[in-house]
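Below is one structure, written out as structure tokens; comments come after it.
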Amino acid sequence: MEKLAAFCLGLVLCVWLPSVPDWHLLLALIIASWPLWWRRRLPLLLLLLPAGMAYAGWHIEQRLAARLPVALEGVALSVPGTVRGLATTGEYGVRFRFAPDAGPPALPPLLELNDYARRDWPPGSRWQLLLRLRQPHGAANVAGFDAARWYWSEGVLATGTVGKPRLALPAVAGFWSWLDAARQGVVTRLTAAIGPGRNAALVAALAVGAQQGIARREWQALAATGLTHVVSVSGLHISLLAGLVLWLSRRLLQRWPPCQPQRLALLMAMLAALGYALLAGFSVPTQRTVWMLATTTLALWWQRGLSAWQIWLAALTVVLLLDPFAALAVGFWLSFGLVGALLAGEVGRRRRPGYWPALLGAQWRATLASLLPLAAMFGQWPLLSPLANGLGIPLVSLLLTPLALLAAALPWRPLAQLAGWVAGMFWWWVDWLAAGPQWWFPALPWPLLPAALLGTLCLLLPLARSVRLAGVVLLLPLLLYRAPRPAAGELQVEVIDVGQGLAVLLQTARHDLLFDTGGGDAARYVLPVLRAQGATRPALMLSHHDADHDGAAAGVLAALAVSTVWRGQPGSVPQQAAQPCRAGQSWVWDGVRFDVLWPRSETRGDDNSHSCVLRVATPRQAMLLSGDAPQAVEEQLVTRYGAALRSQVLVLGHHGSRSSTAEAWLDTVQPQHAIISAGYRNRYRHPSPQVLARLAARPLQLWRTDVHGALQLRLGQDSTVLPRRRDNYWALSLPLASGGK
């Protein structure tokens with residue numbers, strides 16, 4: 001077991017490293033060290049660890065070679081191919097996956113496309129499409145969803161948009177096309193029987209893995225209750241179905257003497273699991289479950305007296321060998337972690353406890369095992385998760401999922417309606433619990449993670465009380481850790497990566513101010529960062545009424561106890577909930593001065609002209625934020641304030657558009673650091689080449705959220721900037737040459 005564990009550890013370590021180690025050098029090291037092992041002067045464990053890293057490094061190199069070439073980003077390409085899986089209708093269009101035909105240009109084997117025209121994309125259909133592609137790119141913040149890493153783990157190596165012209169091609173018969181078409185037919189039939197809405201979406205998700213119909217609001221409610229895993233066809237449902245088929249098969253085959261009931265039952269259970277995984281689209285999570293169950297089936301078929309821990313470790317090794325990037329997915333850690341936690345409760349047990357003690361013990365171990373991955377990857381742990389899972393798992397796994405599968409197999413309308421009614425019960429339970437308390441974790445420093453892992457193991461395993469007490473001590477820093485605050489007279493700033501928009505968190509020793517919120521859903525970008533930085537009761541300043549500056553304001557106000565709201569113009573939030581920001585407003589927080597420089601009460605003009613302009617100054621450093629203020633406003637500010645505008649850090653107006661950041665503005669402010677908050681290859685082509693040229697002609701350092709991700713700044717004795725985006729192999733990011741308006 002130790003040898004397999006060492007190999008798996010090396011593989012996982014390599015996958016999580018920010019850069020890829022040279023697997024050739026690792027292999028050479030292993031070969032050079034082999035004689036030492038042969039002469040028993042070197043433990044084999046010390047060779048298997050780099051062997052796992054070399055294997056993972058080779059896989060990473062292969063996938064990097066298949067990624068979209070940088071030269072093809074943004075280029076109009078005519079690409080033939082086939083629609084894979086089921087399309088998803090979202091807020092901004094229809095998303096679907098597309099497998100290009102082999103041939104020039106050399107493209108990744110799987111693309112994710114968005115069609116803003118919202119056309120129909122039947123699964124298995126073939127098209128000649130005009131595409132503009134780019135490498136997968138996601139926001140890089142201190143907390144929140146990492147889209148680039150998720151795309152990498154899914155094998156999607158390019159994303160893009162579909163142009164208007166499209167040409168239908170003759171369909172090619174194939175198993176996957178037939179399967180996707182059959183799954184779409186099931187979704188259509190279930191929706192017609194149950195009616196459109198979240199009940200039908202949940203039944204379809206459990207029957208054929210079609211999660212596309214579950215809205216973001218429902219996903220947020222599921223995350224708030226710890227029940228996200230219940231509605232995903234992966235380890236839980238496939239394993240339960242395999243276990244049910246195994247039990248039924250053994251009962252039936254025991255009455256047939258000529259057969260070997262144990263082995264035939266194992267075979268039937270494995271076939272049932274494979275069939276359900278295929279029906280669910282054979283997604284990456286279901287593939288991992290199939291490999292895990294196949295390993296377990298072979299181990300039991302072999303009948304060599306392997307322990308449960310040996311089978312668990314063998315399944316872990318097989319999954320990582322077939323898909324090293326499984327280690328990037330939180331589902332991998334939860335599934336193997338929960339199974340390991342349940343096995344830990346059986347170590348050394350001589351007598352099985354009663355039903356209720358066993359159930360409560362299993363729930364306790366599952367809850368404890370989920371704490372660390374949820375805290376590290378989501379920064380959230382629902383306090384009502386044990387209660388939610390206690391009813392939600394049996395309701396969905398033992399009742400709703402069998403009903404959904406029967407409704408998918410049998411075209412009997414009352415059966416589908418009964419499944420929809422049970423789904424309604426489940427959603428009622430989720431809605432009731434979603435308002436419950438959450439334990440929010442700040443961004444955790446890495447030394448806390450191995451300590452918490454060791455503490456979790458000490459509590460899960462049946463060890464002495466003194467060891468369990470040590471486990472509690474090791475786990476307490478994770479539970480009690482709070483985000484560090486700047487000292488009095490210093491300012492900590494987080495320029496949040498919100499794509500095409502602006503959101504800046506300013507923190508003093510005891511106060512927080514969020515300047516703008518970006519657009520879209522606050523829970524996607526802004527809220528995770530605020531909670532990770534400990535800003536649970538911030539003040540809010542909305543520069544002006546534009547979707548990319550105040551679009552997420554309603555979500556922030558609904559989720560947090562905002563202390564004060566300023567707005568540059570009406571419309572951002574309800575008028576009674578905010579006060580206007582006006583030139584002359586000033587206050588001091590913990591030795592840091594905040595001055596509103598614009599707008600004035602007599603200001604006229606478009607929305608951008610009403611932008612709040614804020615200067616924040618420590619005793620030695622200053623930062624200037626101007627929203628979308630145009631050059632006309634900059635000219636008035638230069639005339640009014642002159643050298644008093646001088647600031648070491650300048651957040652450029654209007655995302656680097658040529659309508660802002662005039663020569664006189666830069667000459668007056670004299671920044672040492674210039675920051676542009678803009679979306680990656682955004683449709684407005686921000687930042688403008690003219691603005692970039694003005695910046696290049698000055699002795700300053702340019703930072704861009706589309707290149708560097710979120711930016712962390714500290715203003716005290718001097719000003720320092722730390723980009724959040726690292727050179728992760730799954731999130732390659734290069735400086736852009738872009739035009740502008």
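Each reported figure results from applying straightforward, stated rules to the coordinates on display, with no laboratory input. What you see is a predicted model, and the numbers here were worked out from it, not measured in a lab. Cβ placement follows ideal geometry from the backbone for every residue including glycine, while neighbour counts extend to all protein chains displayed.
Some values worked out for this structure:
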{"read-out": "Highest-first arrangement of 521-529, 395-403, 11-19, where packing means the average Cβ count within 10 Å", "value": "521-529, 395-403, 11-19"}
{"read-out": "Residue 216-residue 9 pseudo-label distance in nm [points 7 Å out on the Cα-to-Cβ vector]", "value": "4.1 nm"}
{"read-out": "Whole-number Å³ per residue for the convex hull built on Cα positions in segment 184-440", "value": "147 Å³"}
{"read-out": "Net charge, residue 269 excluded, C-beta distance under 13 Å - Lys, Arg +1, Asp, Glu -1", "value": "+3"}
{"read-out": "Distance between segment 296-348 and segment 666-726 - C-alpha centres, whole angstrom", "value": "47 Å"}
{"read-out": "Residues 217, 183, 681, sorted so that the one with the fewest Cβ neighbours within 10 Å comes first", "value": "217, 681, 183"}
{"read-out": "Cβ-based charge dipole, the chain, positive-most Cα from 702, 368, 559", "value": "368"}
{"read-out": "Contact order relative to length of segment 449-511, as percent, for alpha carbon pairs under 8 angstrom and 6 or more apart", "value": "25 percent"}
{"read-out": "Percent breakdown of C-alpha pair distances by 5 Å bin, ordered from the shortest bin, for segment 491-723", "value": "1, 7, 16, 21, 22, 18, 10, 3, 0, 0"}
{"read-out": "For segment 328-482: rounded, prolate or oblate by the Cα gyration tensor [a/c cutoff 1.5]", "value": "prolate"}
{"read-out": "P(r), alpha carbons of segment 260-368 - 10 Å bins starting at zero, rounded %", "value": "13, 36, 39, 12, 0"}
{"read-out": "Amide proton proximity set for residue 592, modelled H, under 5 Å, gap of 5+", "value": "489"}
{"read-out": "Fraction in percent of alpha-carbon pairs per bin - 5 Å, segment 390-532", "value": "2, 8, 10, 9, 10, 11, 12, 12, 11, 8, 4, 2, 1, 0, 0"}
{"read-out": "Given charges at Cβ of Lys, Arg, Asp, Glu: segment 1-88 dipole, positive-most of 68, 43, 82", "value": "43"}
{"read-out": "Reported label for calculated mean projected area of the Cα convex hull in nm² given [x] 34.1; [y] 37.7; [z] 43.8", "value": "[y]"}
{"read-out": "Segment 151-206 and segment 515-554: distance between their alpha carbon centers, rounded to Å", "value": "33 Å"}
{"read-out": "Gain upon complete extension [residue 363, residue 564; 0.36 nm per residue less C-alpha separation]", "value": "68.2 nm"}
{"read-out": "Unit charges on C-beta of K, R, D, E only; dipole of segment 2-65, Debye", "value": "280 debye"}
{"read-out": "Against the rule of thumb 2.2 N^0.38 Å, how large the Cα Rg of segment 507-593 comes out", "value": "1.04"}
{"read-out": "Mean separation of Cα contacts under 8 Å (6+ apart) over length of segment 589-740, as relative contact order %", "value": "18 percent"}
{"read-out": "Contact order normalised by residue count of the chain, Cα under 8 Å, 6+ apart, percent", "value": "10 percent"}
{"read-out": "Dipole moment magnitude, nearest 20 debye, the chain about Cα centre, only Lys, Arg, Asp, Glu C-beta charged", "value": "1940 debye"}
{"read-out": "Whole-Hz ³J(HN,Hα) from phi, Karplus 6.51 cos²θ - 1.76 cosθ + 1.60, for segment 618-635, glycine and proline x", "value": "8, x, 10, 10, 8, 9, 10, 10, 10, x, 10, 4, x, 5, 4, 5, 4, 4"}
{"read-out": "Karplus-derived 3J(HN,Hα), 6.51/-1.76/1.60, for each residue of segment 119-127, Hz, glycine and proline x", "value": "7, 7, 10, x, x, x, 6, 10, 9"}
{"read-out": "Spatial separation of Cα centroids for segment 1-28 and segment 473-487, in angstrom", "value": "30 Å"}
{"read-out": "The chain: calculated mean residue ellipticity at 222 nm from DSSP helix runs of at least 4, using -39500 (n - 2.57)", "value": "-14000 deg cm²/dmol"}
